[in-house]
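Everything below concerns the one structure shown next.
The values are calculated or read from the model by the stated rules, or taken from the named source; none is laboratory data. On a predicted model such as this, the values are computed, not experimentally measured, just so you know. Here the Cβ positions follow ideal geometry from the backbone for every residue, glycine too, while neighbour counts run over all protein chains shown. Quick note on the areas: whole protein, heavy atoms, side chains included, nothing else; ligands and nucleic acids left out. Shrake-Rupley method; radii C 1.70, N 1.55, O 1.52, S 1.80 Å.
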Amino acid sequence: MNHPAPPRPLVLDSIAAARAALEGRGDIVLVPTMGALHDGHLALVARALELGSTVVVSIFVNPLQFGPNEDLDRYPRTLDADVEKLAAVGVPYVFAPTAADMYPTGAAQTRVVAGRVGGMLEGRSRPGHFDGVLTVVAKLLQIIRPTFVVFGQKDAQQVFLVRQMVADLNIPVTVVTVETVRDETGLALSSRNRFLSPTEKRAAHAIPLALEAAASYADRGIDAALAAAQGTIMGEPLVELDYLKIVHPETFLPADDDYRGPALALAAARVGSTRLIDNAPIVLAG
Ligand code: PAF
């Protein structure tokens with residue numbers, strides 16, 4: 001039996017259109033994205049559709065979170081293909097504003113400051129990145145006013161900082177996370193994976209392998225876990241490590257040498273011209 005095709009998403013291309021369309025819609029579930037949607041995003045959407053029927057997927061490549069020498073210009077913009085994917089799974093609303101609508105005076109003068117953790121790890125390698133992320137997420141939450149907002153655990157530091165912002169600024173939204181989706185080799189899905197050549201993609205597999213190594217050696221303590229992960233990355237010459245760290249899951253600060261218990265291993269590395277991040281839960285013992 002043929003099922004009727006789900007209605008197409010309504011594409012809201014301005015803040016005013018979003019406010020008008022969503023007025024009085026009840027509980028809204030927001031999935032913030034920068035587009036170039038892959039199965040990882042679709043897992044967020046699937047979770048969002050479980051949480052409520054008024055799902056809004058925002059697609060906005062946020063200039064504020066890219067540094068001057070980063071990949072803003074080459075970041076993939078595939079709105080038509082993205083809307084097709086969202087139509088296929090029954091998403092009712094896509095919010096795709098222009099940069100001029102989001103930042104009418106150029107760059108926002110008033111910004112959210114991500115604080116101590118915002119300057120570490122990703123924030124150390126990408127100064128100002130998390131201020132840009134939090135500023136746009138705060139704006140999206142103000143514009144869409146969702147009850148739930150859904151993020152992927154792949155961006156663990158981003159999730160931590162969004163939760164911190166929501167608590168610090170008393171924003172009335174529940175943050176929901178979804179586990180990282182991986183390809184058949186274990187590589188975390190990312191919009192940037194499309195820039196990897198087949199050889200680079202094979203090499204990038206060393207990143208999840210390194211995190212697995214950290215997890216396997218975690219029962220011998222933090223140094224053993226880090227050494228095992230580092231050794232795995234060093235074995236792959238095409239992968240240039242940026243950082244490899246183990247943090248406490250509640251503070252996101254580096255775990256002390258004598259800490260025992262659940263932790264998060266995080267890695268960032270460059271493969272060719274593409275920068276990738278990943279993380280995995282581990283349990284430190286030993
Ligand atoms: O994770 C992302 O894609 C972005 O950082 C986000 C949350 C959509 C903000 O631009």
Range of Cα positions in region 126-213 per principal axis (Å), largest first: 45, 24, 23
Normalised per residue, the volume of the convex hull around the Cα set of region 141-286 (Å³): 117 Å³
Between region 16-74 and region 106-144, the alpha-carbon center distance in angstrom: 16 Å
Spherically averaged projected area in nm², based on the convex hull that wraps the Cα atoms of region 147-192: 3.7 nm²
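Kindly provide the Kirkwood hydrodynamic radius of the chain in Å, to one decimal, from all pairs of distinct alpha carbon atoms. Mind dumping the intermediate values first?
Details: mean 1/r = 0.0503 Å⁻¹.
It is 19.9 Å.
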FRET efficiency, Asp257 to Leu169 (Cβ-Cβ, R0 35 Å, nearest 0.05): 0.55
Accessible area per residue, Å², region 111-172 with all protein chains present, probe 1.4 Å: 42 Å²
Contact order normalised by residue count of region 153-276, Cα under 8 Å, 6+ apart, percent: 21 percent
Mean separation of Cα contacts under 8 Å, 6 or more apart, over the residue count of region 45-168: relative contact order %: 29 percent
Lys201, Lys139, ranked by accessible area, largest first (probe 1.4 Å): Lys201, Lys139
C-alpha center-to-center spacing [region 232-286, region 163-230] in angstrom: 8 Å
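Of the DSSP beta bridges with both residues in the chain, give the percent that are antiparallel, rounding to the nearest 5.
Bridges in the chain that DSSP calls antiparallel: roughly 50 percent.
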Candidates Ala48, Ala18, Ala108, ranked by Gaussian network fluctuation over the chain, Cα under 10 Å, top entry: Ala108
Protein accessible area in the chain, 1.4 Å probe - carbon and sulfur %: 53 percent
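Mind giving me the FRET efficiency for Ala21 and Glu50? R0 is 25 Å, r the Cβ-Cβ distance, nearest 0.05 is fine.
On the way: r = 22 Å, r/R0 = 0.89.
Efficiency, rounded to the nearest 0.05: 0.70.
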Size of electric dipole in region 130-282: Cβ of Lys, Arg +1 and of Asp, Glu -1, about Cα centre, debye, nearest 20: 620 debye
Region 148-189: relative contact order in percent, alpha carbon pairs under 8 Å with at least 6 residues between: 47 percent
Kyte-Doolittle mean at least 0.0 and Cα axial length at least 27 Å: DSSP H helices in the chain: none
Chain lengthening between Thr185 and Arg111 when straightened (0.36 nm per residue, less Cα-Cα): 22.7 nm
Label-point gap, in nm, between Leu10 and Leu79 - each point 7 angstrom along Cα→Cβ: 1.8 nm
The chain, helix-only ellipticity at 222 nm - DSSP H runs n ≥ 4, -39,500 (n - 2.57), divided by all residues, nearest 500: -10500 deg cm²/dmol
